[in-house]
Amino acid sequence: MTGHAEPQPVVPPMPERTPKALREAIARHASQLLPDFDEHWKWAVADAYDISTVPAFMARWWGEYAHARDPRLDAHVRDLEYRAAYECTDSDEAKGFLEEASNIRHHARRLEPGQ
């Protein structure tokens, strides 16, 4: 008897690296992030009348979207952080979990449009 594998969810590609494209991707594929994205945009860029903040804004939300678009990856990172904070009694083990989560987050920020 053969087992049936569950279909793997399709992870949408990263959008163009513009605030508008990123917002559209968040609205379409990770709508739970949209209120925070919009609020952050409003106070960090729009109300500040300061476009110099856009690169930092994009770096943060690029990484947030990269995880949220892939529920399995997002759950894995959150699990690593949870285990480090609440389950570890050994500081080296906790450090290892946090380093792994950090490496995943850093990798996500380096993704290019279309990946």
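A short reminder: the numbers here are calculations on the coordinates, not readings from a lab. These numbers come from a predicted model, not from an experiment. Backbone-built Cβ (ideal geometry, glycine too); neighbour counts: all protein chains shown.
What is the helix-to-structure angle for 54-68, meaning the angle in degrees between its Cα long axis and the longest Cα principal axis of the chain, kept from 0 to 90 and rounded to the nearest 10?
Rounded to the nearest ten degrees, it is 30.
Please list 60-73, 89-102 highest first by mean number of surrounding beta-carbon atoms within 10 Å per residue.
60-73, 89-102
Using the C-alpha atoms of the chain, what convex hull volume per residue, in cubic angstrom, is computed?
148
Within the stretch 5-54, which GluC sites (Glu not before Pro) sit in a loop by DSSP and count at most 14 neighbouring Cβ atoms inside 10 Å?
Glu16
Below 14 angstrom from the Cβ of Pro13, what's the summed charge of the other residues (Lys, Arg +1; Asp, Glu -1)?
Neighbour charge sum, excluding Pro13 itself: -1.
If we count every other residue with Cβ under 15 angstrom of Trp61's Cβ, Lys/Arg +1 and Asp/Glu -1, where does the sum land?
In short, +3.
Quick check: net charge around Ala46, other residues with Cβ under 14 Å of its Cβ, Lys/Arg +1 and Asp/Glu -1?
In short, -1.
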